[in-house]
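The values are calculated or read from the model by the stated rules, or taken from the named source; none is laboratory data. These figures come from a predicted structure and were not determined experimentally. Backbone-built Cβ (ideal geometry, glycine too); neighbour counts: all protein chains shown.
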Amino acid sequence: MNLNLDFFTLRSIFYLLKPSETYFDKVENVPDFTSRAFNVFFSFIIIEQIILVYRKRKIMFRLNDTISSLSAGMISIFPNFYFRKLHLVTYIWCFDKFNIYSLKYDSFWTYLVTFLLVDMAYYWLHRAAHEVNLFWAAHQTHHSSEEYNITTALRQSIFQAYGGWIFYLPLSLFIPPSIFLVHVHLNVIYQFWIHTEIVDNLGFLELILNTPSHHRVHHGRNPYCIDKNYAGVLIIWDKLFGTFEAEKDDEQLAYGLVHPLKTWDPIHAQIFNYKYIFKKFRKCATWSERFGVLFKGPGWLMGTPRLGIRENLPKIKYPIKKYNVEVETWKNWYIGLHFVFTLMIFTILPKIRQNKEPFLITLNICYTLLCLTCYGKLLYNKKSAINYEMFRLMINVLVCILNAPLIQIFMFQSNILFYIFTALNTLSFLAFFIIVLITYSKV
């Protein structure tokens, strides 16, 4: 994981690239802005926590929530190691089949038109993700954190990409795929930095841009926040289409879902709302009701408006209590250390994909999923967690051996660092094994 903050990537996060820096004639020539930005995001996470500690004079970091958010982000990009992104594949196909007129890729006016239309398409995509229950089932993963920080931005659903692509297709009638792809990248990564509480009001920029203040409202579960501020980059769409709400200074925001998730299980966080919809669907008496369960709002019930009744939303109780499970200090350190190991292994997956090794990709994805599941169980203090973890540690040895060449080449470029990495894994395994033995001997 490289924490190098190159200036080009930094500017791209704030959509501050010159138009001429976004001109690419072919999709293959477009940089992967999103992947490059991840290095900056991890740096932002550290900087944000330092500022919070300085301001509040106490540690605001919650390991369980942070790991839960990063786990969702890792799971969300698993399909990318096998397939091209669906929104790009469908867009190229439509452009090839139905393009009426192709705008010049190296024109300022093409830049401006694409910027505006991609952002407006995102507004409607995002609005549908909140107001259509089937789409919300995917998007709720992003809103499931009760914290609001940079890591929350990375908490994404593995399923959301399979519902959002349709909103961009009209642009294929005249916007070249390469320019479309640039602005989709920039639109997405702009939204990462606004997930923070350390930035207050930005003055006149609040009138035009989606800012941390506006997006805090979007993530709030206070009744006045529900179904508000869907903007990507420009807040003008919310003001134009009647979904804007300003942050209130006299009401503390509570973040997360209206009915909090209350688990650290990464798989459950991805699928629980689908299970809920399926149960409701089976209980429906008519096809009209079934249609409503799928395509009306998450709060809809028979006989109510499309989005439900706002007055029925639960009121926020103060002081706000966030879901938490207390675990031993040593266990937090253990989970944190091993999560870093898992993250490091995860960063070599793109290199494995380049080498076209599908077996190794699948092995590492399964291993990563096993790791994240184990950490969730440990953070939840599940009784089965120790058995899961002992199994994971045995698999860990195999994964390190199979990945050894790539770990050395792409991660450490040094035999000494690789040996230290392997030694730390081994010592951690032995330490956990000894602690488990001591724990069981006392029972």
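The table for this structure:
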{"read-out": "Filtered residues of the range 138-196 (kept if among the polar types (S, T, N, Q) and under 30 Å from Ile320 (Cα atoms))", "value": "Gln140, Thr141, Ser144, Ser145, Asn149, Thr151, Thr152, Gln156, Ser157, Gln160, Gln191, Thr196"}
{"read-out": "Among the candidates Ala246, Ala231, residue that is assigned to a loop (DSSP other than H, G, I, E, B) and more than 19 Å from the chain's Cα centre (by Cα)", "value": "Ala246"}
{"read-out": "Considering residues of the range 260-290 that are assigned to a loop (DSSP other than H, G, I, E, B) and among the charged types (D, E, K, R) only, the residue modelled with the highest pLDDT", "value": "Asp265"}
{"read-out": "Exclusive hit being in contact with a Gly (Cβ under 9 Å, 6 or more places away or on another chain) and closer than 30 Å to Ile309 by Cα, set Ser145, Ser157, Ser71", "value": "Ser145"}
{"read-out": "Matching residues in the range 275-328 - criterion: being touching a Leu at 6+ places or on another chain (Cβ under 9 Å) and among the hydroxyl-bearing types (Ser, Thr, Tyr)", "value": "Tyr323"}
{"read-out": "Single residue of Arg62, Arg57 found to be of a type in the set (Lys, Arg), closer than 18 Å to Glu197 by Cβ, assigned by TED's automatic domain parsing to the domain that holds Val199 and at pLDDT below 90", "value": "Arg57"}
{"read-out": "Matching option when the condition is assigned to a helix (DSSP H, G or I), exposed (fewer than 13 other Cβ atoms within 10 Å of the Cβ), out of contact with any Ser or Thr (no Cβ under 6 Å at 6 or more places or on another chain) and among the β-branched types (Val, Ile, Thr), among Val293, Val340", "value": "Val340"}
{"read-out": "Residue in the range 207-215 that is touching a Phe, Trp or Tyr at 6+ places or on another chain (Cβ under 9 Å) and either of a type in the set (Gly, Ala, Ser) or assigned to a loop (DSSP other than H, G, I, E, B) (or both) present", "value": "yes"}
{"read-out": "Some residue of the range 169-188 being modelled with pLDDT of 95 or more and on the phi > 0 side of the Ramachandran plot", "value": "no"}
{"read-out": "Asp96 acidic (Asp, Glu), within 20 Å of the chain's Cα centre (by Cα), assigned by TED's automatic domain parsing to the domain that holds Ala37 and in a helix (DSSP H, G or I)", "value": "no"}
{"read-out": "Candidate set from the range 225-261 (those that are crowded, with 16+ Cβ neighbours inside 10 Å and of a type in the set (D, E, K, R)); member that is nearest to Ala385 (Cα to Cα)", "value": "Asp227"}
{"read-out": "Residue tally, condition hydrophobic (A, V, I, L, M, F, W, C) and within 28 Å of Pro305 (Cα to Cα), over the range 90-142", "value": "12"}
{"read-out": "Out of Leu116, Leu125, Leu112, sole residue that is in a helix (DSSP H, G or I) and either surrounded by 20 or more Cβ atoms within 10 Å (Cβ to Cβ) or touching a helix residue (DSSP H, G or I) at 6+ places or on another chain (Cβ under 7 Å) (or both)", "value": "Leu125"}
{"read-out": "Among residues of the range 173-189, those that are over 16 Å from Phe24 (Cβ atoms) and either out of contact with any helix residue (DSSP H, G or I) (no Cβ under 7 Å at 6 or more places or on another chain) or buried (at least 22 other Cβ atoms within 10 Å of the Cβ) (or both), counted", "value": "2"}
{"read-out": "Residue among Asp25, Asp65 that is among the acidic types (Asp, Glu) and part of a helix (DSSP H, G or I)", "value": "Asp65"}
{"read-out": "Residue match in the range 357-374 (condition: surrounded by fewer than 17 Cβ atoms within 10 Å (Cβ to Cβ) and at pLDDT below 80)", "value": "yes"}
{"read-out": "Failed condition for Glu247, given (1) under 21 Å from Ala121 (Cα atoms); (2) of a type outside the set (Val, Ile, Thr); (3) not assigned by TED's automatic domain parsing to the domain that holds Ile45", "value": "(1)"}
{"read-out": "Test: residue in the range 242-265 that is in contact with a helix residue (DSSP H, G or I) (Cβ under 9 Å, 6 or more places away or on another chain), farther than 25 Å from Thr196 by Cα and not acidic (Asp, Glu)", "value": "no"}
{"read-out": "Selection within the range 139-170 - of a type in the set (Phe, Trp, Tyr) and within 20 Å of His218 (Cα to Cα)", "value": "Tyr148"}
